[in-house]
1. Which residues, taken from region 235-268, are polar (S, T, N, Q) and part of a loop (DSSP other than H, G, I, E, B)?
2. Can you tell me how many residues within region 53-65 are touching a strand residue (DSSP E or B) at 6+ places or on another chain (Cβ under 6 Å) and at pLDDT below 85?
3. Within region 45-63, restricting attention to residues that are touching a Leu at 6+ places or on another chain (Cβ under 8 Å) and buried (at least 21 other Cβ atoms within 10 Å of the Cβ), which residue is farthest from residue 118 (Cα to Cα)?
4. I'd like to verify a number: residues in region 210-253 that are over 19 Å from residue 191 (Cβ atoms) and either of a type outside the set (Lys, Arg) or modelled with pLDDT under 85 (or both), how many?
5. In region 79-98, is there at least one residue being outside any helix (DSSP H, G or I), modelled with pLDDT under 85, under 17 Å from residue 20 (Cβ atoms) and in contact with a Phe, Trp or Tyr (Cβ under 7 Å, 6 or more places away or on another chain)?
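The values are calculated or read from the model by the stated rules, or taken from the named source; none is laboratory data. All values reported here derive from a predicted model rather than from experimental measurement. Cβ sites come from the backbone with ideal geometry, for glycine too, and all protein chains shown count toward neighbours.
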Amino acid sequence: MNKHPETDLINPQTNALAFKVLQFDNNTYFEALSNFNFYTVILIREGRGHITFEQTKYPFSENCLIRFPIYQPFQLKADGPINGILLQFHPDFFWNHKYQTELPCKQALFKGIDEVPLIKISEEEMKKLLHPLDNLLLEVEGDRLGRYDMTISWTKIFMIYASRIKIERGSLSSGMESETPHIIQKLISAVEEHFQSKHRPADYAALLNVTIKKLNRVTRQHLSKTIGNMISERLITQAKHELYLTDKPIKQIARELGFQDVAYFSRFFKARTLTTPHVYRISFREDTPVPQH
């Protein structure tokens, strides 16, 4: 991989920082104990030192994969020369992709993070991880059609490779194969299929033939959210997608998402995004005439 400076990618839907890739040769970026509003993955190619995580220090050396979930404070200090690559991405980075494609990688890399957050990898594994990063950097540094979508795709390939490595190390709980994740996958599929017509947790409990209490318990345990949160997030994701990519009237979008009252849909959207559907749409389409209702 060639040397590249820090490269940021702005989410075109929100104009907020969505993604960062940085090749570093010192630990300046990590000197302070930082609480990043991003998922973080670090590849250490050369060098050694330690990271501080949950008040514990863990040594690292060359060919090391390090990962942290969102809002997890950590600090990295090198003992001498160091060379590595940092990737950070906001949860909204995969905003227009289904839960099914995102969950397995997040589950593998960022759940159960109270375990040691470092994974020692081989030279061959490092080469495999660097391949999508080379292609990713070519996309984010250019300005070609579909740059954002291609960046998402190469990042997903990288995450899949990294997730496979972690799973092969056997550091995941055997619960990944248990009944509970199976229920979660069934729930994810059900939400994806029915979110536009079924908004109540009770509907999904009935579909899966389990109690709401049990379903909420397993979603909190494995996804850190309730069924209601899952439904709301899926509705908001689709609403953002429609508001940004189409010229459909807001009333039509509300109706297609199962809201018969456009005023209630606007309140629902604002409570979760802190802005109204109309303001969200015009915030990044100021030069486009927008139908309001």
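1. 246, 260
2. Residues flagged as touching a strand residue (DSSP E or B) at 6+ places or on another chain (Cβ under 6 Å) and at pLDDT below 85 within region 53-65 amount to 2.
3. Within region 45-63, the match that is farthest from residue 118 (Cα to Cα) is 51.
4. Residues flagged as over 19 Å from residue 191 (Cβ atoms) and either of a type outside the set (Lys, Arg) or modelled with pLDDT under 85 (or both) within region 210-253 amount to 8.
5. yes
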